[in-house]
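Peer 1: The structure that follows is given in the form of structure tokens.
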Amino acid sequence: MTQIELRGVQKFFGAVQVIKDLNLKIDTNEFIVLLGQSGCGKTTTLRAIAGLETIDEGDILIDGQPVQHLKAADRDIAMVFQSFSLYPHMTVFENVAFPLRATRMSKADVDTEVRAVAKVLQITHLLNKRPSALSGGDMQRVAIGRALVRRPKAMLMDEPIGALDAKLREEMRAEIKRLHLKQGSTTIYVTHDQIEAMSLADRIVIMHEGVLQQVGSPQEVYAHPANLFVAQFVGSPVMNIATAAVSMVTSATQVAVGGEGHAFQFPAALTGQLDAAKGENGSLAMGIRPEGVLVARESREGYLPVEAHIIEPLGSYDIVDLMVGKQLLRARTRSGYVSGPGERVWARIDPSQAHFFDTVSGKSLGVRL
Amino acid sequence: MAHIELRNITKTFGNHVALKNLDLDIADGEFFVLLGETGAGKTTTLRLIAGLEKPTAGQVFIDGVDVADWGAAERDVALVLQQYSLYPRYTVRENLEFPLKSKIRRVGDEEIRERVARAAKTLRIEHLMERKTDRLSGGEMQRVSIGRAIVRKPRVFLMDEPLSALDAKLREALRTELKDLQRRLGATFLFVTHDQIEAMSMGDKVGVLNHGKLIQTGTPKDIYDNPHDTFVASFVGSPPMNLMEGRLAGGRAIVAPKTFELPYDGGAKSGGIGDDRALTFGIRPEDVSLESDGPVHAKVHDVENHGVEKIVTLRVGDTTLRATVPARTELEIDQDVRFAWNPKKVALFDKASGVSLRHAG
């Protein structure tokens, strides 16, 4: 049962501010993923919570108690790193038992605790081996075991599976998720991999240049990105972003991209919502994910004629580049649906999947149709 | 512009056989991708064509001419590597001009200017021309490297994992750019990669290489829909094809050992496959569906969220298999579900050899 809270946290490395006024509340048993590119401040944030970095301003609270002045050892938090940092001269058992040395626990109790953790992580058969005899995945299991054995208040993980190969990474990701469901400890997990974040997190915290961009469930972050950065960071292939000119025509709203004469039909409600959000032509961008660009092979009501450009067949689906005037829009279609480059097809934007951003601030205008 | 042919190429390094009886035919103007894991022989193949290695046996033809006695320079191919190897103290312009200023080429100043300008325009690096290359981003550097290849107007472009060192977003953007470039130049490209997404998305044709042997050549669609063996089936496609051992019995697929059974509808193809034959069943994740009244019970082992869709790992006894489901599907770990598969989309492989029964003939 551990809550963690950051209040107005600021951190400088010399003249560079790496964390800018960070506020975040993490609930008991929550799985939080800090997501961002290298250099965004995610690891520094994690290390500050662990007590491995000092902060220049603000408070870090664990269960309501400020801990920023406590040493790492007194915060009762366990950390798992990408490099496993096991003791090579000790057996797996000794490695896992190591954090219990200082606790004056009886030998029998240590044995019980280590075996319990080993069972959860399925490394019981490895207890007498040395780290050099283990695979990468098993080494990381041992490192996690060593973190868990103390029953810490919270688990902090810094790209724990980043160094493993793709297949093992997938396997370990599933294991970490199951472990969390079983143990239910408050977990903060740092990664730059958006699929990892989407698959593991209860809530994702997206950071960029030291600034928190958005906090939300994977679904929220994907479907309702708060700004252009989040919109283009989460999701693959990347969301299409096009400068848009909006006009009202009788009972519908038209959104033109790629120059005049290429206007997509939207419900009239869009105009009202854009007005309310003070979204003005000239600083308006429409965002649409490839699956929100609907493609037809024949002319249909509300569809614009467009030309197919490069087609990327990806097996179960294709990504088709469409030229709408001067604007390139990437669409996701059924495999083989558009036969080849140069083909004339028709496209429409699904209004319920469209996003509108202010290009000056980058912020989403919160339009929902 | 060139047609490239490798005939029965074998290459050994000491005791190690890097390539074995390799036949490869790359048509003029084709974007050919050689796909394989580290050590499969991809780079060796490329270096043989470039003239940087000599085959132990077999012949290399460029436009029908055996080039065994031609040096690397005479073959007139351009190599683009993962490492950019630009001259750091030179500007982008100087880097692009460099290959043309060599004495053996004798290209006039006017023509150099023209070719460099055209390459810069093609690659959208005109605004970078006076910049020193050490002040470029990774993607810009790779564009300049490609530019250095383009200005020479080589007969063939050989590219060895040129996108591998770039980050994911940039790789995604450059994939289409490179394919677009190849179409506009109408040039022959041989592109080597270990990334099946690159192979699928860019190649007109893909050759899958494993342990020095060419396992299958075909369009991306051929290879995805009709993999030659279990290696190709599990290598191409993400997530990979589900492979499960079992046998056929009375028109049903029995997944061993007595884990579950599902209908199989291979049409005429299944005729003559004895019920006792040990098989490996292959089914793509998009052909497995969760249905409340599906024939088989499973537990949700893991859920991978891609935003646009979810990839669910299902567990039936000791067998796991993946299914692609719509993003809005709500699933919990260890939830009980039922699933079905598309009986028409099941591929059959011989269990012992791994070869698809369709390819075995």
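The values are calculated or read from the model by the stated rules, or taken from the named source; none is laboratory data. The model shown is predicted, which means the values in this text are computed figures rather than measured ones. Using ideal geometry, Cβ is built from the backbone for each residue, glycine included, and neighbour counts are taken over all protein chains shown.
Peer 1: Would you confirm whether any residue within region B:174-186 is within 21 Å of B:P88 (Cα to Cα), touching a residue at least 24 places away in the same chain (Cβ under 8 Å), under 21 Å from the mean Cα position of the chain (by Cα) and not in a helix (DSSP H, G or I)?
Peer 2: For region B:174-186, residues within 21 Å of B:P88 (Cα to Cα), touching a residue at least 24 places away in the same chain (Cβ under 8 Å), under 21 Å from the mean Cα position of the chain (by Cα) and not in a helix (DSSP H, G or I): absent.
Peer 1: What number of residues within region A:101-142 are within 23 Å of A:E175 (Cβ to Cβ) and either buried (at least 16 other Cβ atoms within 10 Å of the Cβ) or under 34 Å from the mean Cα position of the chain (by Cα) (or both)?
Peer 2: Final tally of qualifying residues: 27.
Peer 1: A further question follows. Are there any pairs, at least 6 apart or on different chains, whose C-beta atoms fall under 6 Å, with the first in region A:12-35 and at positive phi and the second of a type outside the set (V, I, T), and if so, which?
Peer 2: What qualifies is A:D21/A:G8; A:N29/A:G184.
Peer 1: Looking for something within 14 Å of chain B (Cβ to nearest Cβ), touching a Lys or Arg at 6+ places or on another chain (Cβ under 7 Å), surrounded by 21 or more Cβ atoms within 10 Å (Cβ to Cβ) and in contact (Cβ under 8 Å) with a residue 12 or more places away in the chain - is there at least one such residue anywhere in region A:254-273?
Peer 2: Scanning region A:254-273 turns up no residue that is within 14 Å of chain B (Cβ to nearest Cβ), touching a Lys or Arg at 6+ places or on another chain (Cβ under 7 Å), surrounded by 21 or more Cβ atoms within 10 Å (Cβ to Cβ) and in contact (Cβ under 8 Å) with a residue 12 or more places away in the chain.
Peer 1: Let me ask something else about it. Residues to consider are A:L168, A:L212; find the one that is hydrophobic (A, V, I, L, M, F, W, C) and over 30 Å from A:K363 (Cα atoms).
Peer 2: Exactly one residue qualifies, and that residue is A:L168.
Peer 1: While we're looking at this one, here's another question. Only one residue in A:G340, A:G302 is within 12 Å of another protein chain (Cβ to nearest Cβ) and either over 20 Å from B:G307 (Cα atoms) or of a type in the set (A, V, I, L, M, F, W, C) (or both). Which one?
Peer 2: A:G340
Peer 1: Away from every other protein chain (no Cβ under 11 Å), buried (at least 21 other Cβ atoms within 10 Å of the Cβ), within 30 Å of B:N242 (Cβ to Cβ) and modelled with pLDDT of 95 or more: does that describe A:T191?
Peer 2: When the stated conditions are applied, A:T191 passes them.
Peer 1: Now for a separate question. Any idea which residue in region B:119-135 is farthest from the other protein chains (Cβ to nearest Cβ), counting only those that are surrounded by fewer than 19 Cβ atoms within 10 Å (Cβ to Cβ) and part of a loop (DSSP other than H, G, I, E, B)?
Peer 2: For region B:119-135, the residue satisfying everything is B:E130.
Peer 1: B:D229 - would you say it is in contact (Cβ under 8 Å) with a residue 12 or more places away in the chain and more than 14 Å from chain A (Cβ to nearest Cβ)?
Peer 2: yes
Peer 1: Just checking, does region A:223-245 include any residue being on the phi > 0 side of the Ramachandran plot and away from chain B (no Cβ under 14 Å)?
Peer 2: no
Peer 1: Follow-up question, since we're still on this one. Got a number for residues in region A:130-188 being within 23 Å of A:P88 (Cα to Cα), away from chain B (no Cβ under 14 Å), in contact (Cβ under 8 Å) with a residue 60 or more places away in the chain and assigned to a loop (DSSP other than H, G, I, E, B)?
Peer 2: So the count comes out to 4.
Peer 1: A follow-up question, please. Hey, among A:G292, A:G315, A:G287, which residue is over 28 Å from A:K363 (Cα atoms), in contact with a helix residue (DSSP H, G or I) (Cβ under 8 Å, 6 or more places away or on another chain), within 14 Å of another protein chain (Cβ to nearest Cβ) and small (G, A, S)?
Peer 2: A:G315
Peer 1: For region A:194-222, give me the residue count where each residue is within 13 Å of another protein chain (Cβ to nearest Cβ), without any contact (Cβ under 8 Å) to a residue 60 or more places away in the chain and not hydroxyl-bearing (S, T, Y).
Peer 2: The number of residues fulfilling the criteria is 7.
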